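Accompanying notes for the structure given below.
The values are calculated or read from the model by the stated rules, or taken from the named source; none is laboratory data. The structure displayed is predicted, hence computed values, not measured ones. Ideal geometry is used to build each Cβ from the backbone, glycine not excepted, and the neighbour counts take in all protein chains shown. Accessible surface is based on the protein model in full, side chains and every heavy atom, while ligands, DNA and RNA are left aside. Shrake-Rupley method; radii C 1.70, N 1.55, O 1.52, S 1.80 Å.
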Amino acid sequence: MKNIKLLAGLLVAASFMTSCKDEVELPDQPLSNYMQIYMPQAVNGAVNKVLNISEEPQVIIYGANYGGQDFPAANINMKFVVDPVLAENYNAVNKTNYEVLPLKSYTLSTVDGVIPAGQLTTGPLKLSILTSGPDGIQPFKTYLLPISISGTDFKVNESLRTTMFTITAQPNMADYPDYDRKNWKIIAFSSEEADGEGPSNGRAEFTLDGNINTFWHSQWKNGNPGPPHFLTVDMGEVKTLHGIAATTRQFDGNGKPNEVKIETSLDNINWVTAGTFNLSTKKEPQKQFLPTFGEARYFRFVVLSAYGSTNVHLAELGAF
């Protein structure tokens with residue numbers, strides 16, 4: 001009886017599979033649908049590149065690949081183009097506001113690409129970007145560069161036609177030593193405590209003496225002006241100001257700088273804001289890059305707020 005039931009079940013299953021097989025119709029899928037060229041870096045969306053700031057151009061690789069059965073029987077020729085409209089479209093879709101990489105800051109090793117017969121790729125092509133000098137991109141700023149396949153008679157995978165590069169230049173702190181301060185002078189300050197902190201403390205000049213155990217203190221005796229507090233430094237010559245170095249007073253009380261603004265000038269008359277940042281309460285030296293590197297002879301260290309106090313104090317002030 002058991003064998004009869006098993007046989008009946010197999011016959012039903014076979015009948016079902018036969019009927020299903022008769023009803024399936026596979027669509028016509030010509031091989032040519034799968035023979036396309038594309039940019040492999042576009043597979044996962046925008047490609048984020050963080051570059052070192054260097055005197056030498058920084059290199060990013062781009063190129064195109066062939067997808068399909070076997071290998072192409074003949075050379076596949078194409079061009080690569082940069083279309084700023086694609087950057088505008090990217091910003092609109094992603095609610096960003098990135099600028100297109102400036103034209104003078106980059107070069108493509110070639111705009112003419114070829115996938116040779118019997119090969120699957122153009123090979124690595126080079127996008128060279130200047131991260132320093134007059135045509136270099138600004139540090140910390142993110143740019144867009146859309147590179148697209150164009151000018152080819154071969155079928156292109158439209159979803160992978162364009163590689164969208166987001167590019168940022170990130171400096172390495174170790175590459176920027178502190179400037180020598182031997183000719184520097186404090187030429188202005190908001191206030192100083194010239195008497196109440198003793199003969200070797202309180203005055204603005206002590207921020208340049210190379211001794212972390214002396215300090216400048218805003219006035220608190222016979223007056224107590226609130227923030228902002230500032231020091232103005234004359235570096236004695238024009239330098240490229242990349243950032244600020246500061247060492248807080250070597251004690252654990254209130255009054256250490258918190259929010260700081262840096263202003264720069266070439267003539268001590270016309271001033272521009274170079275950046276703002278926050279310092280911590282730690283006693284070790286702190287270095288902060290400015291968002292934009294610029295030429296300056298003078299800089300103003302403006303303390304907008306201090307930790308736990310309307311007074312402020314500082315042990316050492318430098319730049320790099």
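From the set of residues in the range 89-118 that are assigned to a helix (DSSP H, G or I) and free of Cβ contacts under 8 Å to residues at least 60 places away in the same chain, which is surrounded by the most Cβ atoms within 10 Å (Cβ to Cβ)? Step by step, filter the range 89-118, then rank; the result is SER105.
Every condition in (1) closer than 15 Å to ALA245 by Cα; (2) assigned to a loop (DSSP other than H, G, I, E, B); (3) open to solvent by less than 40 Å² (accessible area, probe 1.4 Å) holds for THR232 except the one numbered (2).
Within the range 259-287, the residues that satisfy the criterion of being within 20 Å of ASN311 (Cβ to Cβ) and surrounded by 19 or more Cβ atoms within 10 Å (Cβ to Cβ) are VAL260, LEU279. Test LYS239 against the criterion of being in contact with a helix residue (DSSP H, G or I) (Cβ under 8 Å, 6 or more places away or on another chain), of a type outside the set (Phe, Trp, Tyr) and assigned to a strand (DSSP E or B), and give yes or no. No.
A quick yes/no check of all residues on (1) more than 30 Å from ASN172 (Cβ to Cβ); (2) open to solvent by 100 Å² or more (accessible area, probe 1.4 Å); (3) modelled with pLDDT of 95 or more; (4) within 26 Å of the chain's Cα centre (by Cα):
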{"site": "ALA8", "(1), (2), (3), (4)": "yes, no, no, no"}
{"site": "ALA14", "(1), (2), (3), (4)": "yes, no, no, no"}
{"site": "GLN58", "(1), (2), (3), (4)": "no, no, yes, yes"}
{"site": "ASN77", "(1), (2), (3), (4)": "yes, no, yes, no"}
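Check the range 62-73 and report whether any residue there is closer than 11 Å to LEU144 by Cβ and surrounded by 15 or more Cβ atoms within 10 Å (Cβ to Cβ). No, the range 62-73 has no match at all. Evaluation of ILE212 against the conditions (1) modelled with pLDDT of 95 or more; (2) part of a helix (DSSP H, G or I); (3) under 35 Å from the mean Cα position of the chain (by Cα) shows that the sole unmet condition is (2). Could you please let me know if LEU290 is open to solvent by less than 10 Å² (accessible area, probe 1.4 Å), in contact (Cβ under 8 Å) with a residue 40 or more places away in the chain and either assigned to a loop (DSSP other than H, G, I, E, B) or farther than 24 Å from SER200 by Cα (or both)? Considered against the rule, which asks whether it is open to solvent by less than 10 Å² (accessible area, probe 1.4 Å), in contact (Cβ under 8 Å) with a residue 40 or more places away in the chain and either assigned to a loop (DSSP other than H, G, I, E, B) or farther than 24 Å from SER200 by Cα (or both), LEU290 comes out as yes. Every condition in (1) over 21 Å from LEU241 (Cβ atoms); (2) crowded, with 19+ Cβ neighbours inside 10 Å; (3) in contact (Cβ under 8 Å) with a residue 24 or more places away in the chain holds for GLY196 except the one numbered (2). Give the range 30-56 a look and list any residue that's at pLDDT 95 or above, surrounded by 14 or more Cβ atoms within 10 Å (Cβ to Cβ), under 17 Å from the mean Cα position of the chain (by Cα) and hydrophobic (A, V, I, L, M, F, W, C), or say none. Listed by number, the residues that qualify are ALA46, VAL47, LEU51. Among residues of the range 125-136 that are farther than 27 Å from GLY113 by Cβ and of a type in the set (S, T, N, Q), those with a Cβ under 8 angstrom from a residue that is part of a loop (DSSP other than H, G, I, E, B) and open to solvent by 60 Å² or more (accessible area, probe 1.4 Å), sequence gap 6+ or separate chain, pair up as SER132/GLU55.
Reported count of residues in the range 293-307, each being open to solvent by less than 40 Å² (accessible area, probe 1.4 Å) and either more than 16 Å from MET235 (Cα to Cα) or not hydroxyl-bearing (Ser, Thr, Tyr) (or both), is 8. Based on this model, can you work out whether GLY223 counts as modelled with pLDDT under 95, over 19 Å from THR264 (Cα atoms) and open to solvent by less than 60 Å² (accessible area, probe 1.4 Å)? Yes: the conditions hold for GLY223.
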